[in-house]
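> Quick one: this structure, given as structure tokens, is what I'll be asking you about.
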Amino acid sequence: MALPKRIIKETERLVAEPVPGIQAIPHDDNLRYFDVSIHGPAQSPYEGGVFKLELFLPEDYPMTPPKIRFLTKIYHPNIDRLGRICLDVLKANWSPALQIRTILLSIQALLGAPNPDDPLANDVAQRWKEDEPGAIATAREWTQTHAAP
Amino acid sequence: MVDAVLSASVSAAPDRHKHSPLEVDGRRKELDTASPAVSSLESSASLSKAYNLAQQGLLPFDNDFPSQVDGRLSDEMKLLEERIMAKIILRIRPELDCQVCYSFLRLPITTSCGHTFCQVCLKQVRDHSNLCPFCRRLLSPYQAVVEEKANRRMRTLLSNLFPDDVAARDDQATEDAQNESNHVPIFACAITFPRVPMFLHIFEPRYRLMLQKVISNGSRSFGMVSHRRGPVPSVDGDFDAPFTRYGTMLYVTNLQMFPDGRSLVETIGAYRFKIMSYAWQDGYPVALVERIEDIAYADEENMEMMERMLDATPGNAITLASLSHLPTQELHRQGLEFVNSMRDSSTGWFADRILNTYGQPPQDPAVFPFWVATLLPVHEREKYLVLVSTSVRERLKLVTVWMRSMQQRSWRFQWFLYRLLGRLPAIGIFLVTIYILFTNGKDAAERQAVVADDLSVYFIGTIIAIIATATVFSRARYRT
């Protein structure tokens, strides 16, 4: 079946007007599958890192949210060891008016503002609450080890 | 949204005027005197006049936006207005893309929260969520969204300002619809057969969308296949999908929609098909299918003759081969006889209730096996063989094997035992009640005293006894 017009348009716009610090390139053999890289936001423990993600647009996109996962290891209370992301707009708060661009921006914002009160990685969230400077140091360390550009 | 677009379009106008203060001053004076008479808008329509009226709140909502340049204006003025108009059009064009499909709005519907989407898009959204995609405010109830007519004002605006876009979008929609009509939507659920009714409760968003599409495009039909369990059946060849390759086209005969978007659907099998290729669309499969037909009568007769010549002796085991000596007509007759005998002994599979729903056994030997296959509790793998068979004789033989093996297993005796078991609790209650009622006391005098003392116990006992008796004698009849 032909790719829906919306996906074609979104891809075109992502290429034509890329978001600073975010890159999303569709696979040649599957235009619903994107290789994504997000730069860690400035003034965050992830600054200087480039994080790789995979993004897949399911059959009923945009009625259902895209499936996104971190491929690069990251120390973050809302991202677990498998790279799964706890973000409301990727789940119940998804709306068809959102798009790949806005979702990736939300993920970038999540890197800048970790939310240990709604954790996915419990151990990380616990540490974040009890010893924030220590947790941030670890996050910075992991960024240097795993997300070096 | 309409108001927003309108004011956006008129607000684009004034900055042009600033470059020619002379004209503006001259016109403004004229406009101010003319403004109370709104009807003059038609006679000397111009953008700046409309803008002034709108600014003063005097532009009636129902008035058409003046899209033509007035003939009495000076050439310079005309040129200016044309340029402003072009600018307006350029500016508002991006506002007119639907935020769901990213295409130019088609049959726009405006929500109560003031956001506009394509009719089709909004319906689809409503199947998944009851919130506006834009502002997440609550949308109207499902039914209201589905029946909502397109925003007339918005449509006029679109077709006046962007006739080319509207035409292109309509063409695209027709093309999409055509593509879809070549591809049949597929519902993977169960094995169904031609000429046999099938009842469905549709609640999943993707299948709601599918149902809406087949109803609105007038075809009222979709393909039903079964989920594949286990390895690919040999008849399916290299067809490696999570569903079977052969299925039945269902035609929607009756549809009852619930306010929340679920629906009860009555369908009847139309014809059998084979899936040639398939793809996924909006969460459900769509397929190119090829209709399959039974072999010709002449071939059927040849087959019957050959089989009867080669296998003249009946075998003991119940196999397809052991039936080869029988004429096709005889197979059908035996089948009908089996059904009748089952019905007379009030067997569950052929209870009156079921016959009322699925109809009496078909007299057409081609359809009879389908009917039996729908009703008899046989494994889906077996039923699939009946579905894919293109020979009436072969199908009759398949179902005759089922029916005979059921008889041979003396399943009626088992059935009787089963019925008896079903009755046991009722019989138990019956006996216990009798016992309580009549042995409540040790002797007759005491028993009478008890009964007389407590009439209610007596009444309740009697009622229980009646119910138990009724159950004992009626239970088996309606058991399925």
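The values are calculated or read from the model by the stated rules, or taken from the named source; none is laboratory data. This structure is a prediction, so every number in the text was calculated from the model and none was measured. No Cβ is skipped: glycine too gets one built from the backbone with ideal geometry, and neighbour counts run over all protein chains shown.
> Being touching a strand residue (DSSP E or B) at 6+ places or on another chain (Cβ under 8 Å), assigned to a strand (DSSP E or B) and closer than 20 Å to B:Y284 by Cα, is that true of even one residue in segment B:201-209?
Checking segment B:201-209: at least one residue is touching a strand residue (DSSP E or B) at 6+ places or on another chain (Cβ under 8 Å), assigned to a strand (DSSP E or B) and closer than 20 Å to B:Y284 by Cα.
> With respect to the numbered conditions (1) of a type in the set (S, T, N, Q); (2) within 14 Å of another protein chain (Cβ to nearest Cβ); (3) more than 14 Å from the chain's Cα centre (by Cα), which one is the sole condition not fulfilled by A:Q43?
All conditions are met except number (2).
> For segment B:285-310: of the residues being within 15 Å of B:S324 (Cβ to Cβ) and of a type in the set (D, E), which is nearest to the other protein chains (Cβ to nearest Cβ)?
Residue satisfying both the conditions and the ranking: B:E300.
> Tell me, yes or no, whether segment B:225-234 has at least one residue that is assigned to a helix (DSSP H, G or I) and within 14 Å of chain A (Cβ to nearest Cβ).
The answer is no; no qualifying residue exists.
> Of all residues in segment B:252-284, which are outside any strand (DSSP E or B) and more than 14 Å from every other protein chain (Cβ to nearest Cβ)?
Passing the criteria: B:F258, B:P259, B:D260, B:R262.
> Give the residues of segment A:37-53 that are part of a strand (DSSP E or B) and not charged (D, E, K, R), sorted by residue number.
Scanning segment A:37-53 gives A:S37, A:I38, A:H39, A:V50, A:F51, A:L53.
> Cβ-Cβ below 8 Å, separation at least six or inter-chain, first residue in segment B:418-436 and charged (D, E, K, R), second outside any helix (DSSP H, G or I): which pairs?
B:R419/B:R479
> Here's another thing I want to ask about it. Looking at segment B:83-109, which of its residues are of a type in the set (A, V, I, L, M) and either surrounded by 18 or more Cβ atoms within 10 Å (Cβ to Cβ) or outside any helix (DSSP H, G or I) (or both)?
B:I84, B:M85, B:I88, B:I92, B:L96, B:V100, B:L105, B:L107, B:I109
> Quick one: would you say B:M303 is part of a helix (DSSP H, G or I), within 30 Å of B:G269 (Cα to Cα), of a type in the set (A, V, I, L, M) and modelled with pLDDT under 80?
In short, no.
> May I pose another question? Let me confirm something: among B:Y271, B:Y207, which residue is surrounded by 13 or more Cβ atoms within 10 Å (Cβ to Cβ) and over 30 Å from B:S140 (Cα atoms)?
Just a single option satisfies the conditions, and that option is B:Y271.
> Within segment B:110-161, can you find the residues that are more than 25 Å from A:V89 (Cβ to Cβ) and in a loop (DSSP other than H, G, I, E, B)?
B:P141, B:E148, B:K149, B:A150, B:N151
> Name the residues in segment B:274-290 that are farther than 29 Å from A:L57 by Cα and either under 19 Å from the mean Cα position of the chain (by Cα) or without any contact (Cβ under 8 Å) to a residue 24 or more places away in the chain (or both), would you?
Listed by number, the list holds a single entry, B:E290.
> Another one. Please state which one of B:L131, B:L161 is surrounded by 15 or more Cβ atoms within 10 Å (Cβ to Cβ) and within 14 Å of another protein chain (Cβ to nearest Cβ).
The match here is B:L131.
> Let me ask something else about it. Can you tell me which residue in segment B:83-128 is nearest to the other protein chains (Cβ to nearest Cβ), limited to those that are within 29 Å of the chain's Cα centre (by Cα) and among the small types (G, A, S)?
Out of the qualifying residues, it is B:S103.
> Looking at segment A:90-102 only, could you name the residues that are away from chain B (no Cβ under 11 Å) and either surrounded by fewer than 21 Cβ atoms within 10 Å (Cβ to Cβ) or among the small types (G, A, S) (or both)?
Matches in segment A:90-102: A:L90, A:K91, A:R101, A:T102.
> Additional query: Of the residues that sit in segment A:129-144 and are in contact with a Lys or Arg (Cβ under 9 Å, 6 or more places away or on another chain) and touching a residue at least 60 places away in the same chain (Cβ under 8 Å), which one is surrounded by the fewest Cβ atoms within 10 Å (Cβ to Cβ)?
Selected residue: A:T138.
> Enumerate the helices (runs of 4 or more DSSP H) found wholly within segment B:378-472, keeping only those where 1 or more residues are modelled with pLDDT under 70.
Per the criteria, B:392-408, B:411-438, B:444-453.
> Right, next: Can you tell which of B:V232, B:V252, B:V214, B:V225 is at pLDDT below 85 and surrounded by 13 or more Cβ atoms within 10 Å (Cβ to Cβ)?
After ruling out the rest, the residue left standing is B:V232.
> Determine which member of the set A:Q126, A:Q108, A:Q144 is in contact with a Gly (Cβ under 9 Å, 6 or more places away or on another chain) and more than 25 Å from B:F134 (Cβ to Cβ).
A:Q144 is the lone residue from the list that is in contact with a Gly (Cβ under 9 Å, 6 or more places away or on another chain) and more than 25 Å from B:F134 (Cβ to Cβ).
> Just need a number here: residues in segment A:1-24 that are of a type outside the set (A, V, I, L, M), surrounded by 14 or more Cβ atoms within 10 Å (Cβ to Cβ), more than 8 Å from chain B (Cβ to nearest Cβ) and outside any helix (DSSP H, G or I).
Going through segment A:1-24 one residue at a time, the tally reaches 2.
> Of the residues that make up segment B:172-192, is at least one touching a residue at least 60 places away in the same chain (Cβ under 8 Å), surrounded by 17 or more Cβ atoms within 10 Å (Cβ to Cβ), assigned to a helix (DSSP H, G or I) and within 11 Å of chain A (Cβ to nearest Cβ)?
Yes, that holds for at least one residue.
Matching residues to (1) more than 14 Å from chain B (Cβ to nearest Cβ); (2) part of a loop (DSSP other than H, G, I, E, B); (3) touching a strand residue (DSSP E or B) at 6+ places or on another chain (Cβ under 9 Å); (4) free of Cβ contacts under 8 Å to residues at least 60 places away in the same chain:
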{"residue": "A:L31", "(1), (2), (3), (4)": "no, yes, no, yes"}
{"residue": "A:D35", "(1), (2), (3), (4)": "yes, no, yes, yes"}
{"residue": "A:L55", "(1), (2), (3), (4)": "yes, no, yes, yes"}
{"residue": "A:D60", "(1), (2), (3), (4)": "no, yes, yes, yes"}
{"residue": "A:M63", "(1), (2), (3), (4)": "no, yes, no, yes"}
{"residue": "A:R69", "(1), (2), (3), (4)": "yes, no, yes, yes"}
{"residue": "A:T72", "(1), (2), (3), (4)": "yes, yes, yes, no"}
